[in-house]
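K.L.:
Provided herewith is a single structure, encoded as structure tokens, for subsequent inquiry.
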Amino acid sequence: MHSYDEPVYLISVVATMLEIHPQTLRQYEREGLVEPSRTQGRMRLYSQRDIDRMKLILRLTRQMGVNLAGVDIVLQLKEQIDQMQEEIGQLRDELSKVNRNGSVHISKALVTKNPYDIIIFED
């Protein structure tokens, strides 16, 4: 079994799996929607992550009627949301540590401007 990010699938295999023409995959690459890995012989290799991303692209274009420029925007926003969710998870972990210890980490200072604003300064 291969890891989620390991590039193992040739373009012909991916095209068959997704029931699309290999040129469609090349177009997605030209548009910057997907970046397959390359072998030393310049053959495209796709990971399961790439395939799942292309499934999302196909769902957006086929079922929702989004053009490729719109798909690019949706994918960028999705990546931003994923990053923010990761950051929120880290902040929640940090907050739970603070709540367990009963004090704020030494590298942070807490300042309140009014009852509704809290500003946290970090190093």
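K.L.:
Work out, in µm²/s and without decimals, the Stokes-Einstein translational diffusion coefficient of region 1-108 at 10 °C, 1.306 mPa s, Rh from Kirkwood over C-alpha pairs.
P.N.:
97
K.L.:
Still on this structure, please answer the following. Quick check: pseudo-label points 7 Å beyond the Cα along Cα→Cβ at L77 and H2, how many nm apart are they?
P.N.:
Going from the L77 label point to the H2 one covers 3.2 nm.
K.L.:
Which percent of Cα pairs goes in each bin when the distances of region 1-42 are cut into 10 angstrom slices starting at zero?
P.N.:
Bin by bin from 0 Å, the calculated values are 26, 57, 17, 0.
K.L.:
For L10, what residues show an amide H to amide H distance below 5 Å, using hydrogens built from the backbone and excluding near sequence neighbours?
P.N.:
Those lying under 5 Å, H to H, from L10 are Y46.
Coordinate-derived values only; no laboratory data. This one's a predicted model, so the numbers in the text were calculated from it and none came from an experiment. Please note: Cβ atoms are built from the backbone with ideal geometry, for glycine as well, and neighbour counts cover all protein chains shown.
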